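Asks: Take this structure, written in structure tokens, and hold onto it; I'll ask about it next.
The values are calculated or read from the model by the stated rules, or taken from the named source; none is laboratory data. Only a predicted model underlies this, so the values are computations on that prediction, with no experimental measurement involved. So basically every Cβ, Gly included, is an ideal-geometry build from the backbone, and we count neighbours across all protein chains shown.
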């Protein structure tokens with residue numbers, strides 16, 4: 001509301017308080033609305049399986065073979081999950097706004113620790 005007061009004063013040289021500006025905005029049928037997210041689809045199960053198979057083939061198996069032959073160490077540790085989320089705000093608008101965003105279910109999983 002403070003920014004709206006400032007903008008109105010900047011554009012019209014008329015200083016109004018927050019209550020007056022709020023009444024004005026409601027009078028022209030603006031609403032204080034939260035922006036909504038449209039979830040973007042995640043990777044398909046086949047794509048996920050292909051990525052996991054590539055990791056197993058290119059990264060994990062060579063390190064495990066090296067550790068078994070005595071040339072390194074592999075430590076498996078507990079997982080950490082970092083969630084990719086969208087933080088949406090509210091704004092004054094005539095219609096609700098929608099933005100493309102992550103669904104909130106996409107997690108980055110840290111599943112390993114390496115000791116080379």
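Asks: For segment 1-60, enumerate the residues that are outside any helix (DSSP H, G or I) and either surrounded by fewer than 10 Cβ atoms within 10 Å (Cβ to Cβ) or over 33 Å from the mean Cα position of the chain (by Cα) (or both). First the steps, then the outcome.
Replies: Residues of segment 1-60 outside any helix (DSSP H, G or I): 1, 13-17, 28-44.
Answer for segment 1-60, where residues must be outside any helix (DSSP H, G or I) and either surrounded by fewer than 10 Cβ atoms within 10 Å (Cβ to Cβ) or over 33 Å from the mean Cα position of the chain (by Cα) (or both): 13, 14, 15, 16, 17, 28, 29, 38, 41, 44.
Asks: Return the residue satisfying two criteria in turn: it lies in segment 84-114 and is touching a helix residue (DSSP H, G or I) at 6+ places or on another chain (Cβ under 9 Å) and at pLDDT below 65, and of such residues it is nearest to residue 62 (Cα to Cα).
Replies: Looking only at segment 84-114, we keep the residues that are touching a helix residue (DSSP H, G or I) at 6+ places or on another chain (Cβ under 9 Å), and these are 92, 112, 114.
Going one step further and asking which of them are at pLDDT below 65, we end up with 112, 114.
Values: 112: 15, 114: 13 Å.
So, considering only residues that are touching a helix residue (DSSP H, G or I) at 6+ places or on another chain (Cβ under 9 Å) and at pLDDT below 65, the one nearest to residue 62 (Cα to Cα) is 114.
Asks: Anything in segment 67-83 that is farther than 30 Å from residue 101 by Cα and either within 34 Å of the chain's Cα centre (by Cα) or at pLDDT 90 or above (or both)? List them, or say none.
Replies: Our first condition is that a residue be farther than 30 Å from residue 101 by Cα; within segment 67-83, this holds for 67-77.
Of everything in segment 67-83, those that are farther than 30 Å from residue 101 by Cα and either within 34 Å of the chain's Cα centre (by Cα) or at pLDDT 90 or above (or both) turn out to be 69, 74, 75, 76, 77.
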